[in-house]
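Before I ask anything, let me first share the structure, which is written out below as structure tokens.
The values are calculated or read from the model by the stated rules, or taken from the named source; none is laboratory data. Bear in mind that the values here come from a model prediction, so they are computed numbers and not experimental data. Virtual Cβ from ideal backbone geometry, glycine too; neighbours counted across all protein chains shown. These accessible areas exclude ligands, DNA and RNA; they are computed on the full protein's heavy atoms, side chains included. Shrake-Rupley method; radii C 1.70, N 1.55, O 1.52, S 1.80 Å.
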Amino acid sequence: MRAFRALTVTAAAFAAVGLASPFASATNGPSNVTVNPYSVHQGATMQVSAAGCGHGGTVWSHGNFEQTNLSAGSIGFATVRIKDDGRTGDQTLSVKCHDNSLVATHRFRILDGRGAQGGLGGSFGPSTAETAIGAGLVGVAALGAGIHVMRRRRPVHGRV
């Protein structure tokens, strides 16, 4: 009798866990959608993140960038490139999870123009003239140090 009761309780526990697991894996759809940066120039990239898409999803904005995949995980990420001819001003992007039909939206701003294309500092090596000048300065410094050491030498008196 005790074994039968233990078997019944164990079976009920497994049934409860088995029936609850589909509900535990279901998501409530995309939430906490963020963009970085909020204001972006035409032709630039923007990061999008959203929670609630455990199996990934898609991000889109009609006429502003191509539909892009959102990575899977507790927080999904996507990098979108704004089209060169994207509509300037306040725009809306949409996020939809693969495992849910709900759609979340978020606002962002597209700025006119391409923005500054800076960031080349240090990416070019020195020119031949700069290398020659640097080598000459190092040589003059070595020569000056050698002359200084030679003049500072003192004769040793009284030694044989």
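May I ask you to list the residues in region 26-41 that are hydrophobic (A, V, I, L, M, F, W, C) and modelled with pLDDT of 90 or more?
Passing the criteria: VAL33, VAL35, VAL40.
Being loosely packed, with under 14 Cβ neighbours inside 10 Å and within 11 Å of LEU93 (Cβ to Cβ) is the filter here; which residues of region 64-73 pass it?
GLN67
Now, a different point. Among residues belonging to region 81-91 that are within 21 Å of the chain's Cα centre (by Cα) and not hydrophobic (A, V, I, L, M, F, W, C), point out the one that is most open to solvent (accessible area, probe 1.4 Å).
ARG81
Between PHE108, PHE77, which is open to solvent by less than 50 Å² (accessible area, probe 1.4 Å) and aromatic (Phe, Trp, Tyr)?
Only one candidate passes the filter, namely PHE108.
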